[in-house]
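The values are calculated or read from the model by the stated rules, or taken from the named source; none is laboratory data. For clarity, every value in this text was computed on a predicted model and none was experimentally measured. Ideal geometry is used to build each Cβ from the backbone, glycine not excepted, and the neighbour counts take in all protein chains shown. Heads up: the accessible areas ignore ligands, DNA and RNA and are worked out on the full protein's heavy atoms, side chains in. Shrake-Rupley method; radii C 1.70, N 1.55, O 1.52, S 1.80 Å.
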Amino acid sequence: MLGFLVLSVCFVAIQSNSLEVRVEQLTELSYRNPVIKLDEEKYRTFIRTMPRNYSMVVMFTALAPNRQCKICKEAHSEFTTLAKSSRYSRNFDNRVFFSMVDYDGGASIFQRLKLTSAPVVLHFPASGKRKVEDKFDIERRGISAEALAKWIKERSEVAIEVIRPPNYTNAILLGLFLFAVSSTLLIKGNSLDFLYKWKYWAITAMFIMFAMTSGQMWLHIRGAPFAHVDRASGRTSFIHGGSNMMFVAESYIMAVVNGAIAFGFILMADAPKDPNNPNSKYMSYGGLALVVFFFSVLLAIFRLKHRSYPYSLLF
C-alpha cells in the first residue's frame with residue numbers, strides 16, 4: 001500500500017514537471033514567433049499530451065504558392081496579428097497559445113482530424129473534449145483578428161485586445177483629396193459654377209449608393225477574400241454560393257449590375273423629354289434592354305445564393 005502511494009506521488013510529480021516544462025517551452029517558442037509552427041512531434045507533445053492547463057488555438061492552412069489558396073494568406077495575416085497582440089501585450093496570458101499546421105508539413109495531422117479544406121481554426125481546450133463550438137465558423141464570422149479574438153474569449157474566457165500596426169493609407173488618401181480640392185480651387189478660383197451643377201452631385205451620390213449597396217462596408221468589416229480558387233479543379237469562383245458570405249469580386253459585380261439597371265431607367269426617363277430627337281426611341285429601347293437583361297442577372301445571382309428562390313426573368 002505504501003509503495004502504491006509513493007508511485008502515485010511520483011507519477012503526479014512527473015506529470016506536473018512535464019506540464020511545467022511544456023508551458024515553459026511554449027512560452028519561449030511564442031516569444032520567438034507568436035504563431036508556433038507545429039509538426040507531428042510538436043503536435044503530439046503540446047496538444048495530444050495530457051494534462052494541459054492551457055488552450056491551443058491552431059490554424060490549419062496551406063500557404064505554399066502551388067496550393068493557390070488566397071484566403072489562406074489573408075487568414076494567416078489576421079491570425080498572426082491576433083497572436084502578436086496576445087504575446088506582446090502587457091497582460092500576456094499563458095492560458096492560450098497560438099500555433100499553425102501547414103498542409104505541406106503536417107498532412108498526417110490533417111488526415112487524423114479529417115480536415116479536407118483550409119483554412120480551418122480549431123480550439124483545443126485545456127480540459128475535456130473539443131465541442132462543435134471549438135471550430136471557428138469562418139463563413140459566418142469572417143476572418144478578421146477581432147472576430148477571432150471574440151471567439152477565443154467565448155471559448156477560453158481570455159480577452160485579447162487586437163493591436164494593429166499604424167495604417168497611413170487613410171492619411172495619405174485624405175492628403176491627396178485635400179490636394180486635389182486645393183488645386184481645383186486654385187485653378188478654377190474664378191469659375192466655381194460647376195459646383196452648382198446638379199449632375200455632378202447626382203453622379204457622386206449614385207457612386208456612393210452603388211458602393212454601399214454592393215456590400216463594400218460588409219466586406220470591410222468581415223475581411224472577405226477577393227475570390228475562391230478550387231484546389232482540385234483550379235476553377236475560380238467570384239460569387240459565393242452561400243447567403244451569409246460574399247467575395248470582393250462579387251461586390252464589384254453587384255455594383256456594375258445595379259449601375260446598369262439605374263442607367264437603363266435614366267435612359268427611359270430622359271428619352272421622352274426631347275421628342276424631336278430622332279434617337280429618343282433608341283434610347284428608350286436601349287434603356288429597356290439594359291433593365292431587363294441586368295435585372296435578369298440580378299435574379300440569377302440571387303437564386304445562386306438562395307437555392308429555393310423560384311423566380312427568374314430571362315435566365
How much of the DSSP bridge set in the chain is antiparallel, in percent, rounded to the nearest 5? 45 percent
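On the protein heavy atoms, probe 1.4 angstrom, tell me the percent of accessible surface of the chain carried by carbon and sulfur.
61 percent
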Name the residue from I208, P34, F315 whose Cα lies farthest towards the positive end of the charge dipole of the chain, charges +1 on Cβ of Lys and Arg and -1 on Cβ of Asp and Glu. F315
Per-residue ellipticity at 222 nm attributable to helices in the chain (runs of n ≥ 4 DSSP H, -39500 (n - 2.57) apiece, nearest 500 deg cm²/dmol) works out to -17500 deg cm²/dmol
By average Cβ neighbour count within 10 Å, what is the ranking of 124-130, 69-75, 297-303 from highest down? 69-75, 297-303, 124-130
Can you give the accessible area of E28, probe radius 1.4 Å, in Å² rounded to 10? 100 Å²
Just tell me which lysines come within less than 22 Å, Cα to Cα, of K84; anything on the same chain fewer than 8 places away is out. K37, K42, K70, K73, K135, K150, K153
Nearest 10 degrees, 0 to 90: helix 145-156 Cα axis against the chain principal axis: 40 degrees
Angle, helix 280-305 long axis vs. longest principal axis of the chain, Cα atoms, 0 to 90°, nearest 10? 20 degrees
In nanometres, the difference between 0.36 nm per residue of separation and the alpha-carbon distance of R130 and L178 is 11.9 nm
How big is the charge dipole of the chain about its Cα centre, in debye rounded to the nearest 20, if each Lys and Arg gets +1 on its Cβ and each Asp and Glu gets -1 on its Cβ? 380 debye
What does the C-alpha gyration tensor say about the overall shape of the range 9-99? Classify as rounded when a/c is under 1.5, otherwise prolate if a/b is larger than b/c, or oblate. oblate
To the nearest 10 degrees, the tilt of helix 70-87 (Cα long axis) against the first principal axis of the alpha carbons of the chain is 50 degrees
Take the alpha carbon atoms of the range 266-306, find their center, do the same for the range 29-91, and report the distance between the two centers in whole angstrom. 52 Å
Name the residue farthest towards the positive end of the dipole of the range 230-315 from the options G241, S280, F263, assuming +1 on Cβ of Lys and Arg, -1 on Cβ of Asp and Glu, about the Cα centre. G241
Listed by chain and number, the lysines with an alpha carbon less than 22 angstrom from that of K273, same-chain partners under 8 positions apart left out, are K197, K199, K281
Relative contact order of the chain: what whole-number percent is it, with Cα pairs under 8 angstrom and at least 6 residues apart? 14 percent
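Quick check: residue separation of N94 and D270 times 0.36 nm, minus the Cα distance between them. What number comes out in nm?
Contour length minus Cα-Cα distance gives 56.7 nm.
What per residue convex hull volume, in Å³, do the alpha-carbon atoms of the range 172-315 yield? If you can, show how the numbers build up before the last one.
Numbers: hull volume 26.1 nm³, N = 144.
About 181 Å³ per residue, rounded to a whole number.
May I ask you to order 151-158, 77-84 by the average number of other C-beta atoms within 10 Å around their residues, highest value first?
Descending mean neighbour count gives 77-84, 151-158.
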Heavy atoms of H228 accessible to a 1.4 Å probe, total area in Å² rounded to 10: 80 Å²
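Send over a whole-number figure in Å² for the accessible area per residue of the chain, probe 1.4 Å.
That works out to 64 Å² for each residue.
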Mind checking the full-extension length gain between N244 and Y282? Use 0.36 nm per residue of separation minus the Cα-Cα distance, one decimal, nm. 9.6 nm
What accessible surface, in Å², does a 1.4 Å probe find on L173, ignoring ligands, DNA and RNA and rounding to the nearest 10? 100 Å²
Which value, in debye to the nearest 20, gives the size of the charge dipole of the range 68-197 about its Cα centre, when Lys and Arg are +1 and Asp and Glu are -1 at the Cβ? 240 debye
With percent of Cα pairs over 25 Å apart defined as stated, name the option among (1) 49; (2) 65; (3) 59 computed from the structure displayed. (2)
